[in-house]
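Read the structure below first, then the notes.
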Amino acid sequence: MSDDRTREIADGRTTLGIELGSTRIKACLVGKDLTVIASGSHEWENEFVDGRWTYPLAAVETGVRAAYAALVADVQEQHGSVPTAFRAVGVSAMMHGYLPFDAAGDLLVPFRTWRNTSTGPAAAALSDALGFNIPLRWSVAHLYQAVLDDEQHVAHIDGITTLAGYVHRRLTGRDVLGVGDASGVFPIDPATQDYDAAMLSAAQDLIGVPDLRVLLPEVLVAGQDAGTLTPEGAAWLDATGTLQPGAPLCPPEGDAGTGMVATNAVAQRTGNVSVGTSIFAMVVLERPLSTPHEELDVVTTPAGDAVAMVHCNNGASEIGSWARVFGRFAEAAGAPVDGDTVFRTLLDEAADADTDAGGLLAVNYLAGEPVTGVEDGRPLLLRAPDARFTLGNLVRAELMGAFATLAIGMEVLHGEGVAVDRMTAHGGLFRTPGLPQRQLAAALRVPVALEATASEGGAWGIAVLAAYLEHAADSSLAEYLDTTVFGSAATNVVEPDDRDVAGFTAYLDRFRAALPIQAIAATVPGATTRGGVPTEAGEPGLQTDTDADPQQEQDVI
């Protein structure tokens, strides 16, 4: 126990970050040196109610309180002190979705999360009207779909926000969003770092509301004043009444933005890849894209710079399923091993396999996949009679299958002439060093880095953004991350290997050719999906979320 740390906590010189992921809410406390002092978490699950994925707001309150209480307990155990104040606070959460409120502040319909895919007609009409790709997940798509469906609550909407925006408002009383989170509500103009005015006008005419702008939260960039912790907010967060009001809060952000911060990927020509239940890549753009692409979302960094996102619904869950099968085999054989050992053993075997997986093909589609136009997914394992069916090739095929759709989406960026100096990877898949990083470099044909800090996740990322409040007047966010946060951080960079690239290219050709089989497989009776998302839960023994620390289970946006 460090006396200096104890005094730092007691004097209120620490920074608090809270992130609401899809399976865990995590609270993270960092010192002035931005190292993690303590953490706490609370597990929660979305519910499928009346045909939609949701979390009750009561579960938001109890979950955030539980995560904070666990953090305080961890602080007390490790440092013998209970925090009563903070230097700064930040809130982040899974992006997109739909939270409409009336003038009294009451939620009009249950929170509709990013997992809901019922907004196809609205997203298509908005995309056409704006000349800008509007994904199914975005808040404006949910709003317009409610209008198209003639839902009664629309007439009573006073404002909409995201999950991070809601929690921030409970803590501060202010209806604001960080620009990165706001870019999942409505398109942002990087020149003004606010909602695009021309698109607002076009969308307003289409949707038919009197003033669309007044329904949307105020947009702030990293480092701007987003309010302070009110007495009501302190009581909402800390049921014991120990926490005092007054701490400044940074603009609330989405998990994509905190992932960019956690991987030092906010400058132009940088990017990051997050691998979990889903998989997505983000690249900071030097110039606007020449035309809209269905495969690409255009969002922003927390500083307001345009980012192209390739978001794939299917990530590493199928690899986790195979790991669970082999773990059960070891248990049945009388030699049980833990999940990490199973996964490490499988990847070690795959490291020496054929670079093209010996002719095997794995399609990891547990859910539909918009990037490749697949409406309803079915995991597949295919092989020719003369394929080399070995354990190593099986695992390698599954690993390459997890990266295949991302590679297809990234080809669109390459076609736009977008240059990337390197991608930084994060997520539970990269806990096992070696092959996953090497294979991702081959799939994307760019160097792939792993930062020592990336495993701290989004709660740490939003804590860093909160700490940046004191430095925003003196440096840009990119400069702050480069010099203050990551200046001495250890980084492991892997260059694409020519043999791995050739093997993945051959594999990807087979992957594309097999995609029509998905439509046939979906007609076979068996497991079903709900709302385009698989009913199967995340797999034990495999981390699949960027909101968790490296020792605990995770899931993604």
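Between W114, A146, A316, the Cα set farthest toward the positive side of the dipole of the chain (charges on each charged residue's Cβ, about the Cα centre) is that of A316.
Derived scalar couplings between HN and Hα for region 87-95 equal 5, 6, 9, x, 10, 9, 7, 4, 7 Hz in order, rounded to whole Hz, by the Karplus curve 6.51 cos²θ - 1.76 cosθ + 1.60 (θ = phi - 60°), x for Gly and Pro. Taking the Kirkwood radius as Rh and the Cα radius of gyration as Rg, region 1-117 has a ratio of Rg/Rh equal to 1.08. Look at the Cα gyration tensor of region 113-201: its axes a ≥ b ≥ c give a/c of at least 1.5 with a/b at or below b/c, and that counts as oblate.
Centroid-to-centroid, using Cα positions, region 115-164 and region 1-80 are 31 Å apart.
Max-minus-min Cα coordinates of region 173-272 on each principal axis give 48, 40, 18 Å, with the largest extent listed first. With viscosity 0.692 mPa s and temperature 37 °C, the Kirkwood radius over alpha carbon pairs of region 48-201 converts through Stokes-Einstein to a diffusion coefficient of 191 µm²/s. Net charge in the neighbourhood of V371 (other residues with Cβ under 9 Å of its Cβ; Lys, Arg +1, Asp, Glu -1) is -3. Beta bridges assigned by DSSP with both partners in the chain are antiparallel in approximately 70 percent of cases. Going by Cα centres, region 253-278 and region 399-427 are how many Å apart? The two parts, judged by their Cα centres, are 13 Å apart. Within the chain, the proportion of C-alpha pairs whose separation exceeds 38 Å stands at 26%. Of the DSSP H helices in the chain, those that are both long (alpha-carbon extent of 20 Å or more along the helix axis) and hydrophobic (Kyte-Doolittle mean at least -0.5) are 57-79, 317-332, 391-415, 498-514. Our note on the geometry: Cα centres of region 206-242 and region 298-333, 31 Å apart. For region 385-517, what class follows from the C-alpha gyration tensor (a ≥ b ≥ c being the square roots of its eigenvalues): rounded when a/c is under 1.5, otherwise prolate if a/b is larger than b/c, else oblate? Prolate, because a/c is 1.5 or more and a/b exceeds b/c.
Within the accessible area of region 345-502, the carbon and sulfur atoms contribute 48%, probe 1.4 Å, all protein chains present. Here region 295-362 is assigned +1 on the Cβ of each Lys and Arg and -1 on the Cβ of each Asp and Glu. Its dipole about the Cα centre then comes out at about 280 debye.
For region 72-225, carbon and sulfur atoms together expose 48% of the accessible surface, with a 1.4 angstrom probe and every protein chain in place. Rounded to the nearest 500, the 222 nm mean residue ellipticity of the chain from helices alone is -10500 deg cm²/dmol, with -39,500 (n - 2.57) taken per DSSP H run of at least 4 residues.
Shown for region 1-66: the carbon plus sulfur share of the solvent-accessible area, taken with all protein chains present and a 1.4 angstrom probe, equals 46%. Based on the reciprocal of the average 1/r between different C-alpha atoms, the Kirkwood radius for region 308-436 equals 16.0 Å.
Remark: the chain carries a charge dipole of roughly 580 debye about the Cα centre, counting +1 on each Lys and Arg Cβ and -1 on each Asp and Glu Cβ. Counted by Cβ distance under 11 Å from L215, the other residues give a net charge of -2, where Lys and Arg count +1 and Asp and Glu count -1. Rounded, prolate or oblate: which fits region 411-471, taking a ≥ b ≥ c as square roots of the Cα gyration tensor eigenvalues, rounded meaning a/c under 1.5, else prolate when a/b beats b/c? Here region 411-471 falls in the oblate category. Among beta bridges from DSSP that stay inside region 4-104, the antiparallel ones total about 75%. Positive end of the dipole of the chain (Cβ unit charges, origin at the Cα centre): among V420, P231, V464, the Cα lying farthest that way belongs to V420. Computed about its Cα centre, the charge dipole of region 142-239 is approximately 240 debye, with only Lys, Arg, Asp and Glu carrying charge at their Cβ. Entry comment: accessible area of the chain is 37 Å² per residue, from protein heavy atoms only and a probe of 1.4 Å.
The values are calculated or read from the model by the stated rules, or taken from the named source; none is laboratory data. Keep in mind the model is a prediction, meaning the values are calculated, not measured. Reconstructed Cβ throughout: ideal geometry from the backbone, glycine too, with neighbour counts over all protein chains shown. Note: accessible area is taken over every heavy atom of the protein model, side chains too, but ligands, DNA and RNA are not part of it. Shrake-Rupley method; radii C 1.70, N 1.55, O 1.52, S 1.80 Å.
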